[in-house]
Amino acid sequence: MQHAGQNPRAASFGLVLLHGRGAGASDMIGLGEALALPDLALIAPEAPGRSWWPTSFLAPSDQMEPYAQAGLSQVDAAIRTLSESGLPRKRIGVLGFSQGACLAAEYLARRGTGLGFGFILSGGLIGTADAGTGPDAALYGFGDKVLNYDTNLAGTQIDMSCHAEDPHIPHRRFADSAARLQQAGANVSARTKPGQGHGIDEADIAKVRKLLNVTPA
């Protein structure tokens, strides 16, 4: 677990940063520091071997669930660290890219009640069970998932972005994830970037900075 930015005891907001496959905590800390928000406390867990899971997040639930649970536990620990330093949940958010974005989305959907913010950059929900459908070209040859959650996300601001032709994140899962999080009560902004790609751009950084650069209630 790496820390940077403002001391949580003096910060206006706390942000848990979740890396993608092959990256690490230090990469996400660098992204957090690039936001240049002086009142922001940063905390970044790191997955074993720098990968939250060894396969696609679209894989069947029996393959994904043990890794998802391990990742969710790390996010729990990061949020607990910020909370125990005095930051209320409404001033804490999660931000993830790629694998980390999928983990962030799943955390919000399963355990995100009371959190203030979520930033899902090139990701989507993992799902709670297999839907029992066959391989689907729109899901890159995987079957669909059940997105069955009972978390109340009222008051949570969620910003999502993904390319229309992302090689790792099917647009249908991205769109279904945005709709499901909205259904849970979150205020969701979902932006589709044109063409092919998989990455974070200046528009993503600007959106994060805008949502966090506010005076807390």
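The values are calculated or read from the model by the stated rules, or taken from the named source; none is laboratory data. Because the structure is a prediction, the values reported are computed rather than measured. Note: ideal-geometry Cβ built from the backbone for every residue, glycine included; neighbour counts use all protein chains shown. Please note that ligands, DNA and RNA were not included when accessible areas were found on the heavy atoms of the full protein model with its side chains. Shrake-Rupley method; radii C 1.70, N 1.55, O 1.52, S 1.80 Å.
Here Met1 and Gln182 are evaluated by their C-beta separation; at R0 = 35 Å the FRET efficiency comes out at 0.70.
The stretch 126-189 and the stretch 22-101 have their alpha-carbon centroids 18 Å apart. Once both labels are positioned 7 Å from their Cα atoms along Cα-to-Cβ, the gap between Ser26 and Asp76 label points is 3.0 nm.
A viscosity of 1.306 mPa s and a temperature of 10 °C, combined with the Kirkwood radius over C-alpha pairs in the Stokes-Einstein formula, give the stretch 30-140 a diffusion coefficient of 106 µm²/s.
Amide H contacts of Lys193 (H built 1.01 Å from N, in plane; Pro and chain starts excluded): Cys162, His163, Ala164 sit under 5 Å, all sequence-distant by 5 or more or on other chains. Here the calculated FRET efficiency for Ala164 and Glu65, from their Cβ-Cβ distance with R0 = 30 Å, stands at 0.55, rounded to the nearest 0.05. Near Asp159: Cβ cut-off under 12 Å, other residues only, Lys/Arg at +1 and Asp/Glu at -1. The net charge is +3.
Using the Cα gyration tensor of the stretch 119-163, with a ≥ b ≥ c the square roots of its eigenvalues, what is the shape: rounded (a/c below 1.5), prolate (a/b larger than b/c) or oblate (neither)? The shape class here is oblate.
Relative contact order for the stretch 4-157: 24 percent, from Cα pairs under 8 Å spaced at least 6 residues apart, divided by residue count.
Surface listing: Thr192, Thr156 arranged by accessible area from highest to lowest gives Thr192, Thr156, probe 1.4 Å. Across Gln63, Gln196, Gln182, mean-square fluctuation computed from a Gaussian network of the chain (C-alpha pairs under 10 Å connected) peaks at Gln196. Backbone N atoms of the stretch 24-52 closer than 16 Å to the 7 Å Cα→Cβ label point of Glu202 belong to residues 34-36.
One decimal place: the segment Ala154-Ala138 gains 2.7 nm when fully extended, by the rule 0.36 nm per residue minus the C-alpha distance. Please report the base-10 log of the normalised intensity I(q)/I(0) for the chain, using a Debye sum with one equal scatterer per alpha carbon and no solvent, at each q in 0.09, 0.15 (1/Å). With no solvent term, the Cα-only Debye profile gives -0.31, -0.89. Roughly how tilted is helix 202-212, in degrees to the nearest 10 and between 0 and 90, from the longest Cα axis of the chain? Roughly 50 degrees between the two axes. Projecting label points 7 angstrom from Cα along Cα→Cβ for Lys210 and Thr55 puts them 3.9 nm apart. State the percent of C-alpha pairs, over all pairs in the stretch 132-217, separated by a distance greater than 18 angstrom. Roughly 54 percent, once rounded to a whole number.
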